[in-house]
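Working notes, structure below.
What follows draws every value from the coordinates through simple rules; no lab data is involved. Computed from a predicted model, the values in this text were never measured in an experiment. Cβ: placed from backbone, ideal geometry, glycine included. Neighbour counts: every protein chain shown.
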Amino acid sequence: MFRVLPRDLRLDTTLKCGQSFRWQQHKQNGLTTYRCALHGRIVSLTQHPTHIAYDALPKLEDTEALLRDYLSLQVPLSDLYETWASKDKHFEKVSASFLGVRMLRQDPLECLLSFICSTNNNIPRITMMVQALCREYGASLGTHPDDGIEYYDFPVLDALQHPSLTKELRELGFGYRAPYIAKTCSMLAALPPTHLHDLRSRPYADVVAALQEFSGVGPKVADCVALMSLDQHAAIPVDTHVIQIAMRDYKFRPKPAPKKNGKRAPRPSQGKLVMNERVYGEIRTFFQDLWGAYAGWAHSVLFAADLKALQAGAAEEAIEHIVKVPNQ
């Protein structure tokens, strides 16, 4: 077990807020267990008031180290919350009900392909697509005795290297994203095997530039992968929720657009912001200046809070996270 208080890690908001799409939730005897296939084992995590209990089938020796890395437990989350709250009254107010929202440190291939699936999509459909990818191309780890579900690991790159991949993905419901995934896998196969992992040691600008070379990857997808997999803690994926948070809660307004034909475009009113790369960058910089080196983590707390608030009133709207950015 991990001696981690809920203020330092809450499984519900961390695992089900649109970071990873493979954790399955099971309730029994008043407790909620989250289960997922990770690197050759079926992992179960259960929240308790004073700790997180974990189990793995098979019981591999490196499971604790794997989970500590995956859950980013080395990051002092409570201290970060205090720092953000001291700088930001809105964060202080909202975060009191959303403690323990922690960024995962996911496998880069899984994160990249999952977020290529996320463009113009919602969490349930992304989940279905990622699970289909695992079921069709991942290794089966067998059926877990507690829930009777067969679990599949995320596929390795070699399993996604064949000429009919685009056609097969279309048949699985991936739509226009199918050729993006197939081409990205082909591009990765031509690079050194450690290419994605090596990006963890590169500066932010290099990371997002390298990611945007892949098919179907624009600024938002690149920022998602950078934040949730490649140690770019200040990366901020700007989607519709983040736009709403910026404009509604922080009164953000973009700088006036450059003059065209001698006239400036009018400043947008709340809810009427037209997204482009310039505005995307301004929103990202606004929050990075406010929250600092772990701005992406702070943004995810407010994202989770906004998501749950919307779910309380309109479930379908809550799960939408669509952003139109060129080339994405």
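Filtering T46, T13, T33 for residues that are of a type outside the set (K, R) and under 17 Å from the mean Cα position of the chain (by Cα) leaves a single hit, T13. The number of residues in segment 13-39 that are more than 22 Å from F115 (Cα to Cα) and of a type outside the set (K, R) comes to 7.
In the set V130, V94, V101, only one residue is within 30 Å of A190 (Cβ to Cβ) and surrounded by 14 or more Cβ atoms within 10 Å (Cβ to Cβ); that residue is V130.
Only one entry in L196, L211, L191 is surrounded by fewer than 17 Cβ atoms within 10 Å (Cβ to Cβ), out of contact with any Lys or Arg (no Cβ under 7 Å at 6 or more places or on another chain) and closer than 30 Å to E171 by Cβ, namely L191.
Residues checked against (1) touching a residue at least 12 places away in the same chain (Cβ under 8 Å); (2) over 18 Å from V101 (Cβ atoms); (3) touching a helix residue (DSSP H, G or I) at 6+ places or on another chain (Cβ under 8 Å):
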| position | (1), (2), (3) |
| --- | --- |
| R3 | yes, yes, no |
| L11 | yes, no, no |
| W23 | yes, no, yes |
| N29 | no, yes, no |
| T32 | yes, no, yes |
| A37 | yes, yes, yes |
| V43 | yes, yes, yes |
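If the condition is being of a type outside the set (A, V, I, L, M, F, W, C) and touching a residue at least 40 places away in the same chain (Cβ under 8 Å), then segment 201-214 contributes only Q212. Between S20, S44, the distinction of being surrounded by 14 or more Cβ atoms within 10 Å (Cβ to Cβ) and in a strand (DSSP E or B) belongs to S44 only. Checked against the criterion of being among the hydroxyl-bearing types (S, T, Y) and assigned to a strand (DSSP E or B), the candidates Y151, Y81 yield just one match: Y151.
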